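Just so you know, all these numbers are worked out from the coordinates, no wet-lab data involved. No experiment lies behind these values; they were computed from the predicted model shown. For neighbour counting, all protein chains shown are included, and Cβ atoms are generated from backbone atoms with ideal geometry for every residue, glycine included.
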Amino acid sequence: MPRRRSTGRTFDGEDDFDEHLARRLAARERRDLRRGLTPADRVGERARFATDRGSDPPSFGPTELVFASNDYLGLAGDERVRRAAAAAARDVGTGAGASRLVTGDTAVHRALERDLADAKGTARALVFSSGYAANVGTIAALSPAAVFSDELNHASIVDGCRLSGAETVVYDHADPDDLDRKLRERGADGPRLVVTDSVFSVDGDVAPLADLCDVAEAHGAWLMVDEAHATGLYDDAGGIVQRDGLGERVHVQLGTLSKALAAQGGFVAGSEPLVEHLLNAARSFVFSTGLAPPAAGAAREALRIARENARRERLWENAARLRNGLADAGYDVRGETQILPVVVGDRRDALALAEAVRDRGVVAPSIRPPTVPEGTSRVRVAPTAAHAATDVDRCLDAFRDAGREVGLL
């Protein structure tokens, strides 16, 4: 097909369409913020990667150890999960075909939702096409007068607040006292919704959920907790809400199927009225084709495996081994979960460290402003249950050697 030619029409009275976007990309490049795709040959603890060649077939390099994945239990390549996805495709189809309110609601979806509700200790669950869709659809459908959002909440929560049209009040990160002050200042003019991640994806820390419950209850506010980076990792494949015994105090529990559950999609768990309301009012559910049956089948099998102890125990052993080794090497390792931010400060140092580690066959991404505040650039390290002890040791060796090479150790 011939390449589409530039129209020559002006955009903002200055450039044509393509030139305008090229200028914006160049500005990103000058700020070290331009990103590109990095095709991988597989999802797992080891993979081969290629540089982004657009629509051309990728050319893969040597195998590298991946410490950058959210596949925390290492189930994306598990044969049992693959078989479950294949069985759902064979028995139901590769796609849902329509919104679940039309013809796309299948027994595979219902079985997954029953198991999710059981794991979360709720009456019902509802699966969405993505965690992003679950957040934006749920917040808007709840129609609060005001949303109180942790300042480090995920972008999907931020966008959900914007799309809801509600007044949005941002409280200091993981600070129940600041939340209490702002709820008091705002007053009780209509329903108020408090929203927080449980595990924060870049800092690896945990929200003080019990204290947030206390504050929300004192002000008669609703509480919604996004367990994207916690679902499947605690007792009976629950999240922090289950670990801390707070299921009866959290109105809306949200999670993803695309991280520890090794599939695709998101879900909301809660009361019968909540789920019935969402399947009628959440636009990202109502006006979207249902979750693909293979993803639902894979997630259900991954949830079953996650409810056993072995994978979770291996993950926490690997995380502790890696955290202790990085700290002993002299790195500033923050957080308290399976997400290990190695904070180096300067953005150039973070980029240099990630590149030097990559040169040693270990993939771990640099995270820099505006994703994190100035002076807190870091390399985000995430082990999985699929990593062997020798893999963790190789990662530690790479960080020690790379840190000395770039002058951080």
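Check each of the trypsin sites (Lys or Arg not before Pro) in the stretch 44-137 and keep only those in coil by DSSP with at most 13 other C-beta atoms within 10 angstrom; list them in order. Each step should come with its number before you reach the end.
Values: sites: Arg46, Arg48, Arg53, Arg80, Arg82, Arg83, Arg90, Arg100, Arg110, Arg114, Lys120, Arg124; in loops: Arg53, Arg100.
For trypsin sites (Lys or Arg not before Pro) across the stretch 44-137 that sit outside H, G, I, E and B with at most 13 neighbouring Cβ atoms in 10 Å, the list reads Arg53.
Cα atoms only: what Rg and Dmax, in Å, come out for the stretch 341-386?
For the stretch 341-386, the Cα radius of gyration and maximum Cα-Cα distance read 10.6, 34 Å.
Take Thr38, project a point 7 Å from its Cα along the Cβ direction, then tell me which residues of the stretch 346-360 have their backbone nitrogen under 18 Å from it.
So the set is 347-360.
Which residues make up the longest stretch of the chain that has no chymotrypsin sites (Phe, Trp or Tyr not before Pro) in a DSSP loop with at most 16 other Cβ atoms within 10 Å? All intermediate terms of the calculation are to be shown ahead of the outcome.
Details: sites that count: Phe60, Phe287.
Result, exposed sites excluded: 61-286.
In the stretch 245-375, with Lys and Arg counted as +1 and Asp and Glu as -1 at Cβ, which of these residues, Ala299, Pro370, Ile339, has the Cα nearest the positive end of the dipole, that is, farthest along it?
About the Cα centre, the residue reaching furthest to the positive side is Ala299.
Hey, got a sec? Which trypsin sites (Lys or Arg not before Pro) in the stretch 239-329 land in a DSSP loop and have at most 15 other Cβ atoms within 10 Å? Intermediate values should be presented prior to the final figure.
Working: sites: Arg243, Arg249, Lys259, Arg283, Arg300, Arg304, Arg307, Arg311, Arg312, Arg314, Arg321, Arg323; in loops: Arg249, Lys259, Arg307.
Nothing satisfies the criteria.
Quote to one decimal, in nm, the extra length available between Arg283 and Asp346 on full extension: 0.36 nm per residue of separation minus the C-alpha distance between them. Don't skip to the end; give the middle numbers.
Numbers: separation 63, 0.36 × 63 = 22.68 nm, distance 4.15 nm.
Extending this stretch completely gives an extra 18.5 nm.
Taking the Cα centre of the stretch 79-306 as origin, sum charge times position over the Cβ atoms of Lys and Arg (+1) and Asp and Glu (-1), and report the length of that vector in debye to the nearest 20. Walk me through the numbers on the way to the answer.
Numbers: 21 positive and 32 negative charges, 247 e Å.
Rounded to the nearest 20 debye, it is 1180 debye.
Work out the length of the dipole vector of the stretch 96-207 about its Cα centre, built from +1 on the beta-carbon of each Lys and Arg and -1 on the beta-carbon of each Asp and Glu, and round it to the nearest 20 debye.
My answer is approximately 660 debye.
Would you work out the relative contact order for the chain, in percent, from Cα pairs under 8 angstrom that are 6 or more residues apart? Intermediate results must be reported in sequence, preceding the final value.
Details: 843 pairs, mean separation 80.2, N = 409.
Once normalised by length, the contact order is 20 percent.
Please report, in debye to the nearest 20, how large the charge dipole of the chain is about its Cα centre when each Lys and Arg carries +1 at its beta carbon and each Asp and Glu carries -1 there.
Details: 53 positive and 63 negative charges, 299 e Å.
With Lys and Arg at +1 and Asp and Glu at -1, about 1440 debye.
In the chain, which longest range has no GluC sites (Glu not before Pro) that are both DSSP loop (not H, G, I, E or B) and surrounded by at most 14 other Cβ atoms within 10 Å?
Working: sites that count: Glu14, Glu151, Glu248, Glu308, Glu336, Glu374.
With a cap of 14 other Cβ atoms within 10 Å, the longest stretch comes to 15-150.
Please report the orientation-averaged projected area of the chain, defined via the convex hull of its C-alpha atoms, in nm². Spell out each step's value before the answer.
Details: hull surface 90.0 nm².
Reported value for the Cα convex hull: 22.5 nm².
Run the paramagnetic zone check for Glu276: 7 angstrom along Cα to Cβ, then residues of the stretch 121-140 with backbone nitrogen under 13 Å.
124
Given 5 Å bins starting at zero, what is the percent of C-alpha pairs of the stretch 79-306 in each, up to the one with the largest pair distance?
Calculated over all Cα pairs of the stretch 79-306, the distribution is 1, 7, 16, 20, 20, 16, 10, 6, 3, 1, 0, 0 percent.
Please compute the contact order of the stretch 166-212 in relative form: average sequence separation of alpha-carbon pairs under 8 Å and at least six residues apart, divided by the residue count, as a percent.
Values: 22 pairs, mean separation 15.4, N = 47.
Relative CO of the stretch 166-212 lands at 33 percent.
Need one number: % antiparallel among DSSP beta bridges in the stretch 79-306, to the nearest 5.
On the way: 11 of 28 bridges.
Percentage antiparallel, nearest 5: 40.
Can you work out the Karplus-derived ³J(HN,Hα) for every residue in the stretch 325-340? Use 6.51 cos²θ - 1.76 cosθ + 1.60 with θ = phi - 60°, whole Hz, and x for glycine or proline.
Per residue, the Karplus-derived 3J(HN,Hα) values read x, 5, 5, 4, 6, x, 7, 8, 9, 10, x, 8, 10, 6, 9, 10 Hz.
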